[in-house]
Amino acid sequence: MFEVVFLGTSASAPSLTRSLPSTMVLYGRHRFLIDCGEGTQQQLLKSGLGFKRLNHILLTHGHLDHILGLGGLVSTFSRWEAIDRLEIYGGAWALERVRDLILGVVLRGARPNLQIEFIEISPGAILEDEHFSLSAFPVTHKGPGCFGYTFEEKSRRPFLTAVAERLGVPPGPERRRLVRGEPITLADGRVVSPDEVLGAPISGARLVYVGDASRVDDLVDEAKEADALVIESTYLQAEAHLAKKYSHLTAAQAATLAREARVKMLYLTHISRRYSGEEVLAEAQSIFPRTVVVRDLDRAQVVKER
C-alpha cells in the first residue's frame, strides 16, 4: 500500500486555501517528496509528517512554482541537522535551476551539515528494493526534461499456512526461509520446496504521478490500469484554448486519460484559483466517475483492487 499526502494543490500561485505544488508518497520506511513549492515546510508541519527521513525529492520539472520551496527546506536542514543526506532527482534543466538556487543563493559557498546529491534521471528505473520499484517516464510540458513517476509494489506469493501445517512445517525460521524462496529439510528428512507452500503471485499496487502536462495521448500506456493516477487539472474545457496556450490540461482531458487507461481512481490537483473544486469535479466526473479533486492535506491510500 502507498499513502499519498497532498501538501500543496494550487496551480502557479497560492490561494487562501491551496498552497503551491508538493506531494508526499510514503511506502514502508520510504518517504518521497514530489516537487517543493513555496510553503512546503509549513505544510509538512501541518500534516504531521515533519522533516525526518526526508531524503528523496523527485522533481517533475523545473518551473519555479514547483521548486522554490527547496531553498528554504535545505536552509532548515543545514541548521537543524534533521537528515545527513539529501538526494534530488530530476531532469537536467530542473536540476540546473535547483543547483543554482541551493548552491548559489542559499548556501553561497558554505559547507552544509548534509550531503546533497543532484541525480539526473532518464526514463526507466530509479530506485527499488525487495518490495517496490520507482521509475520515471517522459511528460510533455513547457521546457525540456519533464517527468512523471510510477510507484509499483512487486508481486508476492502468499504463504499457504494450512498447507504448511499439513506438511508439518513448524512455525518460525523454517517458514521464513520458505517465504524467501529457500527449500527446507524437516526433522524426518523430508524436503519441502517453496512451491509447495506458496500460492500464485499476487500483483501489488501501482501509483502513477504526473505533474504539469500539455497532452495526454502519450500517457495512456504509462497510466494503463494504474490503481491510482494523480495528475494536474488546471483548466476547464470551456477555456481549453488557455490550457493549450500555457501547456496545461483541462479536467476533461485528465478524465479522458483515466477512462482510456482504465485506471481505478483519479486524483486531480494543480487547481487554478479561477475555478472551484466543485466545478472541476463536475467536469471530470461526467467522463470518469471515480474522480477526486484533492485539497491541501488530503490523504489517499493506494491499494491493489482485487
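You will find that of Arg29, Arg18, the residue that is touching a residue at least 24 places away in the same chain (Cβ under 8 Å) and farther than 20 Å from Leu268 by Cα is Arg29 and no other.
Considering only region 241-279, state which residues are touching a helix residue (DSSP H, G or I) at 6+ places or on another chain (Cβ under 7 Å), part of a helix (DSSP H, G or I) and surrounded by 24 or more Cβ atoms within 10 Å (Cβ to Cβ).
Correct list: Ala251, Ala254, Ala255, Leu257.
Of all the numbered requirements in (1) crowded, with 17+ Cβ neighbours inside 10 Å; (2) in contact with a strand residue (DSSP E or B) (Cβ under 9 Å, 6 or more places away or on another chain); (3) at pLDDT 95 or above, Leu54 misses one, and that requirement is (3).
Residues considered: Gly71, Gly48, Gly91. Of these, the only one that is surrounded by fewer than 20 Cβ atoms within 10 Å (Cβ to Cβ), among the small types (Gly, Ala, Ser) and over 30 Å from Glu305 (Cβ atoms) is Gly71.
For region 265-305, residues that are under 17 Å from Met24 (Cα atoms) and in contact (Cβ under 8 Å) with a residue 60 or more places away in the chain total 14. Identify the residue in region 181-226 that is of a type in the set (A, V, I, L, M, F, W, C) and under 13 Å from Ala164 (Cα atoms) and, among all such residues, is surrounded by the most Cβ atoms within 10 Å (Cβ to Cβ). The residue in question is Val197.
Every listed requirement among (1) in the same structural domain as Leu20 (by TED's automatic domain parsing); (2) within 25 Å of Pro158 (Cα to Cα) is met by Val191 save one, (1). If you go through region 5-12 one residue at a time, do you hit one that is modelled with pLDDT under 95, surrounded by 16 or more Cβ atoms within 10 Å (Cβ to Cβ) and closer than 29 Å to Val280 by Cα? Yes, because at least one residue in region 5-12 is modelled with pLDDT under 95, surrounded by 16 or more Cβ atoms within 10 Å (Cβ to Cβ) and closer than 29 Å to Val280 by Cα. Looking for something out of contact with any strand residue (DSSP E or B) (no Cβ under 8 Å at 6 or more places or on another chain) and either assigned to a strand (DSSP E or B) or in the same structural domain as Ala261 (by TED's automatic domain parsing) (or both) - is there at least one such residue anywhere in region 133-141? There is at least one residue in region 133-141 that is out of contact with any strand residue (DSSP E or B) (no Cβ under 8 Å at 6 or more places or on another chain) and either assigned to a strand (DSSP E or B) or in the same structural domain as Ala261 (by TED's automatic domain parsing) (or both). Residues that are outside any loop (DSSP other than H, G, I, E, B), in contact with a Ser or Thr (Cβ under 7 Å, 6 or more places away or on another chain) and not acidic (Asp, Glu): does region 166-178 have at least one? The answer is no, given that none of the residues of region 166-178 is outside any loop (DSSP other than H, G, I, E, B), in contact with a Ser or Thr (Cβ under 7 Å, 6 or more places away or on another chain) and not acidic (Asp, Glu).
The values are calculated or read from the model by the stated rules, or taken from the named source; none is laboratory data. Keep in mind the model is a prediction, meaning the values are calculated, not measured. Reconstructed Cβ throughout: ideal geometry from the backbone, glycine too, with neighbour counts over all protein chains shown.
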